[in-house]
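Comments concern the structure below.
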Amino acid sequence: MTQDFDLAASLARGVEDRNGAWAFVQDFAAHWVGAALGRDDGWTEAELDAAEQRLGLRLPRALREAYALFGRRRDLTSNHDVLLDPAQLYVDDAKEALVFRHENQGAASWGVLLSSLQDDDPAVLFRLDLADKSAERWEDWLERLSLCCVEIILSESLHADEELCDFLDPDDGSLALLEANSVRLPFPAYPVGEETRWFLSRDVLLRHDDGAAVLARGRTAEDLDRVRSLIPGDWLND
């Protein structure tokens, strides 16, 4: 951990409420990504008002706050999957949800039910893009939009420059080493069937995806090299 940023402590506050979430994003951008949020990193109130007028609905307060704070920072939100610009927000064909994020190949979408738009910090749902459109359903994702934004910041950080990020195809031994050489981060459980867990090994952020993959992001290339030595295996970029 850096002397001036305790990622685990900041994340613990970030998952509690909306204010904590925005403080975490600011801290993470400044101390982990190395580029503090600036006045031009968010969309203006006029641009968000225009989106509401076009859609004929009110955006939840948490979504407006997120867009105003960091909505233009593609390096924080859209290294892999895509946070839609305000002008790209849309209501799905079934008129059930406001969609604000897409999986990078269009395989899934994230949105907020229209029936919950009046909530300041509504739950977020996701929907898989299936060949049988009649089988597509909005399913629970995370209980608050601000929590989803924290998850976006964390997940997208794992898909930055190859110098800082890597992917491990784990075996039982590497998973045991992961747990022995890192600490579990306080992120709430994902939906049923998603066994995703977050870890921190000094200045390396790691995500364990249900035994199928370990993704890592170091603050520096040296930090990433250190965790590769601690958890040896078939790292993609090593």
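In the stretch 159-196, how many are within 26 Å of Phe126 (Cβ to Cβ), part of a loop (DSSP other than H, G, I, E, B) and either touching a residue at least 60 places away in the same chain (Cβ under 8 Å) or outside the structural domain of Leu215 (by TED's automatic domain parsing) (or both)?
Total satisfying the criteria: 8.
Quick one: which helices (runs of 4 or more DSSP H) sit completely within the stretch 1-55 and have at least 1 residues that are within 18 Å of Asp203 (Cα to Cα) and under 20 Å from the mean Cα position of the chain (by Cα)?
In the stretch 1-55, 7-14, 18-28 are the helices (runs of 4 or more DSSP H) which contain 1 or more residues that are within 18 Å of Asp203 (Cα to Cα) and under 20 Å from the mean Cα position of the chain (by Cα).
Hey, any hits in the stretch 209-217 for a residue that's part of a loop (DSSP other than H, G, I, E, B) and surrounded by 12 or more Cβ atoms within 10 Å (Cβ to Cβ)?
no
Which count do you get for residues in the stretch 112-154 that are within 23 Å of Arg217 (Cα to Cα) and touching a Ser or Thr at 6+ places or on another chain (Cβ under 9 Å)?
Within the stretch 112-154, residues that are within 23 Å of Arg217 (Cα to Cα) and touching a Ser or Thr at 6+ places or on another chain (Cβ under 9 Å) number 3.
Can you name every residue in the stretch 56-65 that is surrounded by fewer than 20 Cβ atoms within 10 Å (Cβ to Cβ) and part of a helix (DSSP H, G or I)?
Once the filter is applied, which keeps residues that are surrounded by fewer than 20 Cβ atoms within 10 Å (Cβ to Cβ) and part of a helix (DSSP H, G or I), the stretch 56-65 yields only Arg61.
Is it the case that some residue within the stretch 125-134 is in a loop (DSSP other than H, G, I, E, B), surrounded by 12 or more Cβ atoms within 10 Å (Cβ to Cβ) and touching a residue at least 40 places away in the same chain (Cβ under 8 Å)?
Taking every residue of the stretch 125-134 in turn, none turns out to be in a loop (DSSP other than H, G, I, E, B), surrounded by 12 or more Cβ atoms within 10 Å (Cβ to Cβ) and touching a residue at least 40 places away in the same chain (Cβ under 8 Å).
Here are some conditions: (1) crowded, with 16+ Cβ neighbours inside 10 Å; (2) part of a loop (DSSP other than H, G, I, E, B). Ser155 meets all but one. Which one does it not meet?
With (1) crowded, with 16+ Cβ neighbours inside 10 Å; (2) part of a loop (DSSP other than H, G, I, E, B) applied to Ser155, the lone miss is (2).
The values are calculated or read from the model by the stated rules, or taken from the named source; none is laboratory data. The model shown is predicted, which means the values in this text are computed figures rather than measured ones. Cβ atoms come from the backbone with ideal geometry, glycine included; neighbour counts cover every protein chain shown.
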